[in-house]
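The values are calculated or read from the model by the stated rules, or taken from the named source; none is laboratory data. Since the structure is predicted, the reported quantities are computational estimates derived from the model, not experimental observations. As a convention, Cβ positions derive from the backbone with ideal geometry for all residues, glycine included, and neighbour counts pool all protein chains shown. Each accessible area value is taken on the protein alone, full model and side chains, heavy atoms only, with ligands, DNA and RNA left out. Shrake-Rupley method; radii C 1.70, N 1.55, O 1.52, S 1.80 Å.
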Amino acid sequence: MNRKHLLTSLIAAGLVVPALATADWTLYGRAHLSADILDDGAEYNEFNVSSNSSRLGFKGEREFREQLVGMFQIEQQIDFDTNGTNFATRDTFVGLKGSEWGMLRIGKFDTPFKRARGPANFFGDQVGDMRNLTRSRAQTGRFDERFNNSIHYQTPSFGGLTWNIQYSNETGDASTVDGATNKAYSTSLNLNMGDLTGALAYEKQEDGAMDPDAWRLAVGYRITPAFRMGAFYQNSETTNGDEADVYGLGGQFRLTSNMYLNGHAFQLDSDLDDADATMYALGLEYRVDSDLRFYGNVAMVDNDANSALSPWSAARSANPDDANPLGQTATALSIGMRYDF
């Protein structure tokens, strides 16, 4: 059922107000599931089925006058493999935009710092996702977040360059207590010049103690029509004041009109004793079209003695509690399907 027929049916059923018919709106979603074998290098070696950042949402726009477009989005995570579904858990906001002055929105959404990994992100929401190294709370600080109570402004594009700035007055609770320290600031400069993309981002979180912060740089370049590469660097501070660097390279090679080979390697260097880690991922992806793809990946994390990271903990419903890769080499084999609708 297409959007117009769905809208007509909902109005006829009295499920939406007639005013919604004047807006250009879309129902959308993603079903992303995989079958995996996860091995922590010690005792755990099991088969898992995982839902990987699957979602359902609706969004819309309405032009009130020239350079004044109202917009909204409500999006929630859907775990297809379990009964776990909560409303408006993902990017949910309302705002205004215009091509000449930019975009202003309020709500809960990914920070500019989080989105800045895009140019070097070849395994997003899959085993081997770079966030398995970049967002470990103990070793790097947890900076790839979606903050509550946020205000975000994005400039219009100036020759392919845009600036984003976001402020959250309370990153966790619904209201700000007197003297609250749970504030956060996130900003990025983003470049999009066709074959060359990049992002330089900074984020500072207030916790009343160390007030940790992080820098991130990601660059992507399409060297040939069939070959694209990405580079990434991050320096971050944990809530204990220790610092860590994460850096790496990745690439994508188009083997045929529908087949892609993806790979990357990342290194985590931590100030903590014996807490470094190295991650590798290699995958083959077949795209029926841009909305339907199948893939097979192998990923591994090689941990130092005091590191317990895995290649499967980010953005997945299957994250077994009894797996303990402390000081081990954790591996994952995954066959997945992603369907955007």
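Taking Ala42, is it more than 17 Å from Ser317 (Cα to Cα), within 21 Å of the chain's Cα centre (by Cα) and either in a loop (DSSP other than H, G, I, E, B) or acidic (Asp, Glu) (or both)? Break it down stepwise before answering.
On the way: more than 17 Å from Ser317 (Cα to Cα): yes; within 21 Å of the chain's Cα centre (by Cα): no; either in a loop (DSSP other than H, G, I, E, B) or acidic (Asp, Glu) (or both): yes.
Criteria not met by Ala42.
Considering Ala180, Ala174, Ala201, which residue is among the small types (Gly, Ala, Ser), closer than 24 Å to Leu104 by Cβ and within 22 Å of the chain's Cα centre (by Cα)?
Residue meeting the stated conditions: Ala201.
Which fully enclosed strands (runs of 3 or more DSSP E) of region 139-210 have 1 or more residues being closer than 30 Å to Ala305 by Cβ and touching a residue at least 24 places away in the same chain (Cβ under 8 Å)?
On the way: elements: 146-154, 161-168, 184-193, 196-205.
By residue number, 196-205.
Could you go through region 175-185 and let me know if any residue there is touching a Gly at 6+ places or on another chain (Cβ under 6 Å) and either at pLDDT below 95 or among the small types (Gly, Ala, Ser) (or both). Working first, answer last.
Pass one, region 175-185, residues touching a Gly at 6+ places or on another chain (Cβ under 6 Å): 181-182.
Remaining after also requiring either at pLDDT below 95 or among the small types (Gly, Ala, Ser) (or both): 181-182.
Within region 175-185, one or more residues are touching a Gly at 6+ places or on another chain (Cβ under 6 Å) and either at pLDDT below 95 or among the small types (Gly, Ala, Ser) (or both).
For region 293-339, give me the residue count where each residue is closer than 15 Å to Met130 by Cβ and β-branched (Val, Ile, Thr). Spell out the reasoning first.
In the first step, residues of region 293-339 are kept if they are closer than 15 Å to Met130 by Cβ; the result is 297, 299-301, 309-316, 332.
Applying the additional criterion that residues be β-branched (Val, Ile, Thr) yields 301.
Counting residues in region 293-339 that are closer than 15 Å to Met130 by Cβ and β-branched (Val, Ile, Thr) gives 1.
Mind listing whichever residues of region 130-158 are of a type in the set (Val, Ile, Thr) and open to solvent by less than 40 Å² (accessible area, probe 1.4 Å)?
If we filter region 130-158 for residues that are of a type in the set (Val, Ile, Thr), which is where we start, we get 134, 140, 151, 155.
Answer for region 130-158, where residues must be of a type in the set (Val, Ile, Thr) and open to solvent by less than 40 Å² (accessible area, probe 1.4 Å): Thr134, Thr140, Thr155.
So which residues in region 210-223 are of a type in the set (D, E, K, R) and surrounded by fewer than 21 Cβ atoms within 10 Å (Cβ to Cβ)?
Asp211, Asp213, Arg222
Within region 273-283, does at least one residue satisfy the condition of being at pLDDT below 95, part of a loop (DSSP other than H, G, I, E, B) and surrounded by fewer than 23 Cβ atoms within 10 Å (Cβ to Cβ)?
If we filter region 273-283 for residues that are at pLDDT below 95, which is where we start, we get none.
No.
Within region 224-235, how many residues turn out to be touching a residue at least 24 places away in the same chain (Cβ under 8 Å) and either in a strand (DSSP E or B) or crowded, with 18+ Cβ neighbours inside 10 Å (or both)?
Pass one, region 224-235, residues touching a residue at least 24 places away in the same chain (Cβ under 8 Å): 225-228, 230-232, 234.
Now restrict to residues that are either in a strand (DSSP E or B) or crowded, with 18+ Cβ neighbours inside 10 Å (or both): 227-228, 230-232, 234.
Summing the residues that are touching a residue at least 24 places away in the same chain (Cβ under 8 Å) and either in a strand (DSSP E or B) or crowded, with 18+ Cβ neighbours inside 10 Å (or both) in region 224-235 gives 6.
Just to be sure before I move on: is Leu161 surrounded by 22 or more Cβ atoms within 10 Å (Cβ to Cβ), touching a Leu at 6+ places or on another chain (Cβ under 7 Å) and at pLDDT 95 or above in the structure I sent?
Details: surrounded by 22 or more Cβ atoms within 10 Å (Cβ to Cβ): no; touching a Leu at 6+ places or on another chain (Cβ under 7 Å): yes; at pLDDT 95 or above: yes.
Taking the combined requirement at face value, the residue does not satisfy it.
Can you say whether Val94 is open to solvent by 30 Å² or more (accessible area, probe 1.4 Å), more than 28 Å from Asp273 (Cα to Cα) and not aromatic (Phe, Trp, Tyr), as far as the supplied structure shows? Break it down stepwise before answering.
Values: open to solvent by 30 Å² or more (accessible area, probe 1.4 Å): yes; more than 28 Å from Asp273 (Cα to Cα): yes; not aromatic (Phe, Trp, Tyr): yes.
In short, yes.
List pairs: first residue in region 104-129 and open to solvent by 10 Å² or more (accessible area, probe 1.4 Å), second residue assigned to a loop (DSSP other than H, G, I, E, B) anywhere in the structure, Cβ distance under 6 angstrom, at least six positions apart or on different chains.
Pairs found: Lys114/Asp144; Asp125/Asn52; Asp125/Ser53; Asp125/Ala315.
Give region 179-200 a look and list any residue that's over 17 Å from Asp144 (Cα atoms), open to solvent by 60 Å² or more (accessible area, probe 1.4 Å) and polar (S, T, N, Q), or say none.
Correct list: Asn192 only.
Would you check if Ala265 is within 30 Å of Ile151 (Cα to Cα), aliphatic (A, V, I, L, M) and in a strand (DSSP E or B)?
On the way: within 30 Å of Ile151 (Cα to Cα): no; aliphatic (A, V, I, L, M): yes; in a strand (DSSP E or B): yes.
Judged against the criteria, Ala265 is not a match.
Taking the options Ser313, Ser307, Ser334, Ser317, name whichever one is farther than 29 Å from Arg30 by Cβ, hydroxyl-bearing (Ser, Thr, Tyr) and touching a residue at least 60 places away in the same chain (Cβ under 8 Å). Before the answer, list the steps.
Values: Ser313 fails: farther than 29 Å from Arg30 by Cβ; Ser334 fails: farther than 29 Å from Arg30 by Cβ; Ser317 fails: farther than 29 Å from Arg30 by Cβ.
Only one candidate passes the filter, namely Ser307.
Out of all the residues in region 205-235, which are of a type in the set (D, E, K, R) and over 18 Å from the mean Cα position of the chain (by Cα)? Let's see the steps before the verdict.
Start the filter on region 205-235 by keeping residues that are of a type in the set (D, E, K, R), which leaves 206-207, 211, 213, 216, 222, 228.
Hits for region 205-235 are Glu206, Asp207, Asp211, Asp213, Arg222, Arg228.
What tally of residues in region 253-282 results from selecting those that are under 19 Å from the mean Cα position of the chain (by Cα) and either farther than 21 Å from Asn303 by Cα or charged (D, E, K, R) (or both)?
Total meeting the criteria: 1.
Is region 236-246 home to any residue that is surrounded by fewer than 18 Cβ atoms within 10 Å (Cβ to Cβ) and within 17 Å of the chain's Cα centre (by Cα)?
Within region 236-246, not a single residue is surrounded by fewer than 18 Cβ atoms within 10 Å (Cβ to Cβ) and within 17 Å of the chain's Cα centre (by Cα).
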